[in-house]
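What follows draws every value from the coordinates through simple rules; no lab data is involved. The structure displayed is predicted, hence computed values, not measured ones. So basically every Cβ, Gly included, is an ideal-geometry build from the backbone, and we count neighbours across all protein chains shown.
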Amino acid sequence: MKGLSTMVDDKAVLESARKFALKNAIDYGKAELGSVLGKVVPLAKGTPINELKAMVSSVITEVNSMDKEELAKEYAPFESEFKAREKEIAESTAVAKITIAGAQEGNVFTRYPPEPGGYMTLGNAKQCLISDEMARLYKGKIFLYFDDTNPEKSKQEYVDGIKRDTAWLGVKFAKEYYASDYIEKEYEVCKTLISQDHAYICMCSPDQIKKNRFDKIECQHRGQKSEENLSLFSDMLVGKFEEGQAIVRLKGDMTSPDTTLRDPTIFRIKKTPHYRQGSKYTVWPTYHINTPLIDNYNGVTDVARGKEYEIFDESYKLVLKYLGLKVPRLHYMAMLQIKGGMTAHKREIRKLMKDGVLSKWDDPRLLTVMAMQRRGIQPEAIRAFVLRFGLSRSESVVPIDMLFAENRKIIDPMAKHLFFVKDPIKIIVGDSVDITVKLKLHPSKEMGVREYTTNSEFYISEEDADMVADGETIRLKDLMDVKILDRGDYQMTATRNTISKEGKIVQWVSDRNYIPCTVLVPKELFDEKGEYMEDSLETVRGFVENYAKNLKEHDIVQFERFGYCILDNEERMEFIFISK
């Protein structure tokens, strides 16, 4: 038998487990054993783990049996405690990680530099929003800089998409500029570098260039005189060379362990017409010269980028050193890696489209900005999510549920509550009479009611029907209790029960007040081996109550006990599942 002290400890553990289980259920739709167990282990030293699991499991079972209203009521006493802790974490992470040493208020100028070769992803949004936050914190400005010097990839549709997505994210740029508008100016810079013997024209084959870089061997053209290089550059500009026959290389250090310093390419020939400049130019700058020059021209003081770009630091600085120009402060952050089989990488998205798996960039299984918008993820949630990581360089795999949790905080107060019956089963209540019922559109907000008059025929979900045996009682939520008389395969019969109030609560629609609808449920795109999952977009069919006729496309609702959904197609009454 346990001693009194152990019993007191068990009580404290149970109370703590219940508090964390309520919080876990509020955030994620239901409480999970692993999450809650991790929080209470420090309070239960000496308790065998199997016994502790049993204790926590009993609490989780209780919490997960609660409906939305009961859950909110039970969580209310702890809400301020958790909010205070969340505020403390937010203040000690997002802001602290974006502190800029040496920055002066009003003198921080950042930029978001997309290459318009695709639509924005969550990873792009992270760079954009953190750059915006850096400028905001120091009362500075952010610029939109389109790095569009690859005519083979750059397209106006991507420019338009990026501008639309950044506006939706709430980013207000002080100015907008394009790399392709600086070509003439960069040609003059190139001539200066050549004249100062800092650059030369290389006519080696791509394979030879690659081999020489690997072997740390200087190109045979490196010793050409400046006059010859200037003449060859002029030949490049007038079209005397084809693609791959000549490039301009910056003189770095071919013996450097840093491969980006082994005479990087700064201009190459591309004869594909440009989406803005047409065929006006055929010699295009590369990242190695383009980015540092245009940052300098526009007075950028702080550059935030993924730490994978850190390898280009020295070549970035070398260009500016040769020209006697100031180097901005360079800030690096870890790449955003999402756990949960979803992708935010353009390369993977393009492959899925090429393979015919996906047809659009707004497919709700993706983490493009337009896909997240379509799925009902709010821009404020995306901002809060990425700012949690700030400029941290620590690599980590982030669960997508963290984004969904931020989103639920925003959409829950504004989402009207409706009943949705998945895979409907008819239930006939033989002794039911017409009942007029008023159902609140939100359990705690004043949003009005929806009113129906029911008869004796109802529908409940097949999942709920399968959990009921003959003779058991269920409660049609906010309407009445019924006792099941016969549970058939496709139809149930029942009678009203005016005595018992202990039945399982189920959502319902009346035979008089429903609309057929479908819900698209995005799931993981890839399995653990990285293979595409054929069933990654499930179609759920069911009935939604008549009030749904009042909804407009993009309205967000909560289908009780199912999850948050957004109306994607009003005509077909098709929703997309957001999250639990």
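Key figures for this structure:
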| quantity | calculated |
| --- | --- |
| Helix axis angle, 183-195 relative to the chain longest principal axis, alpha carbon, degrees | 50 |
| Ranked packing of 529-541, 510-522, most packed first, by mean Cβ within 10 Å | 510-522, 529-541 |
| Correct option for Rg and Dmax of the Cα atoms in Å [calculated from the coordinates] among (i) 30.8, 102; (ii) 40.6, 165; (iii) 32.6, 105 | (i) |
| Simple label model, 7 Å out from Cα along Cβ direction - Leu537 to Asn550, nm | 3.1 |
| Entries in Lys409/Lys477; Lys39/Lys504; Lys426/Lys580; Lys426/Lys477; Lys83/Lys409; Lys141/Lys163 that, when Cα-Cα distance is taken, lie over 19 Å | Lys409/Lys477; Lys39/Lys504; Lys426/Lys580 |
| Label-zone membership for the stretch 275-308, site Val238, 7 angstrom Cα→C-beta point, backbone N under 12 Å | none |
| Chain lengthening between Arg164 and Ser359 when straightened (0.36 nm per residue, less Cα-Cα) | 68.2 nm |
| Spin-label model distance (nm) - Thr192 vs Ala469, 7 Å beyond Cα toward Cβ | 8.7 |
| Pairwise FRET efficiency - Lys11 versus Lys172, Cβ, R0 = 51 Å, nearest 0.05 | 0.45 |
| Subset of Lys53/Lys73; Lys271/Lys523; Lys251/Lys271; Lys68/Lys307 violating a 31 Å alpha-carbon distance limit | Lys271/Lys523; Lys68/Lys307 |
| Contour excess over end-to-end distance, with Cα ends at Glu571 and Leu325 and 0.36 nm allotted per residue | 82.7 nm |
| Rounded FRET efficiency, nearest 0.05, which uses the C-beta distance separating Asn107 from Gln208 and R0 of 56 Å | 0.75 |
| Angle between the chain longest axis and helix 68-93 axis [Cα atoms, degrees, rounded to 10] | 20 |
| Modelled FRET efficiency - R0 60 Å, Lys30 with Gln156, Cβ distances, 0.05 increments | 0.85 |
| The stretch 125-196: translational diffusion in µm²/s, Stokes-Einstein, Kirkwood Rh over Cα pairs, 4 °C, 1.567 mPa s | 91 |
| In Hz, Karplus ³J(HN,Hα) per residue of the stretch 462-472 (6.51, -1.76, 1.60; θ = phi - 60°; x = Gly, Pro) | 4, 4, 5, 4, 5, 9, 10, 10, 3, x, 8 |
| The stretch 332-440: relative contact order in percent, alpha carbon pairs under 8 Å with at least 6 residues between | 30 |
| The chain: angle of helix 156-168 to the longest principal axis, Cα-based, in degrees nearest 10 | 50 |
| Placed amide H near Val283: partners under 5 Å, 5+ positions off or other chain | Lys270 |
| Extended-chain gain in nm, criterion 0.36 nm per residue less alpha-carbon gap, Asp486 and Lys73 | 145.2 nm |
| The chain: relative contact order in percent, alpha carbon pairs under 8 Å with at least 6 residues between | 11 |
| Fewest-first ranking of Asp355, Asp568, using other Cβ atoms within 10 Å as the exposure measure | Asp355, Asp568 |
| Under the Karplus curve 6.51 cos²θ - 1.76 cosθ + 1.60, θ = phi - 60°, whole-Hz ³J(HN,Hα) for the stretch 201-207, x wherever Gly or Pro sits | 9, 10, 10, 6, 6, x, 5 |
